[in-house]
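Below is one structure, written out as structure tokens, with a few remarks after it.
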Amino acid sequence: MSLQVVTANRLDDGLAVFMTADDGWSTDIRDAVCAQDAKQADALLARADTDVQQITVVGPYLIDVAQEGDVLVPTKYREVLRTLGPSVRTDLGYQAG
């Protein structure tokens, strides 16, 4: 199994967010808590999919990531786009910052 993190969309603005070790949410994947195996991944997803979390985010799910140095990077192109923002307008989204 590959490394996995939980991602979702924040309810107030729709941005892609990643679950942190303190059960919070960050727009930066570098802040994400990472599961090393299937048991940890299932536990993370269970922590993300609670009534309390649903006040903040919608649709939490696991994504595969790879460790590149100190940085976690998504392995699927769809998830790479979610971490960057719109691909047709590089002056918008996370890549504009």
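The residues packed around residue 18, meaning those with a beta-carbon under 9 Å from its beta-carbon, carry a net charge of -1 if Lys and Arg are +1 and Asp and Glu are -1. Neighbours of residue 43, meaning other residues whose beta-carbon lies under 13 angstrom from its beta-carbon, give a summed charge of -2 when Lys and Arg score +1 and Asp and Glu score -1. In this view, the solvent-accessible surface of residue 49, computed with a 1.4 Å probe and all protein chains in place, comes to about 90 Å². Taking square-rooted eigenvalues a ≥ b ≥ c of the alpha carbon gyration tensor, is the chain rounded, prolate or oblate, where a/c under 1.5 means rounded and, failing that, a/b exceeding b/c means prolate? It is oblate, given that a/c is not under 1.5 and a/b is not larger than b/c.
For residue 52, project a label point 7 Å along Cα to C-beta. Then give me every residue of the stretch 7-37 with its amide nitrogen under 11 Å of that point. It comes to 23-24, nothing else. Heavy atoms of the protein chains alone define the surface here; on that basis the chain has 59 Å² accessible area per residue at 1.4 Å probe size.
Taking the accessible area of the chain, probe 1.4 Å, and keeping the other protein chains in place, the carbon and sulfur fraction comes to 53%.
The values are calculated or read from the model by the stated rules, or taken from the named source; none is laboratory data. For clarity, every value in this text was computed on a predicted model and none was experimentally measured. Reconstructed Cβ throughout: ideal geometry from the backbone, glycine too, with neighbour counts over all protein chains shown. The area values use the complete protein model at the heavy-atom level, side chains included, leaving out ligands, DNA and RNA. Shrake-Rupley method; radii C 1.70, N 1.55, O 1.52, S 1.80 Å.
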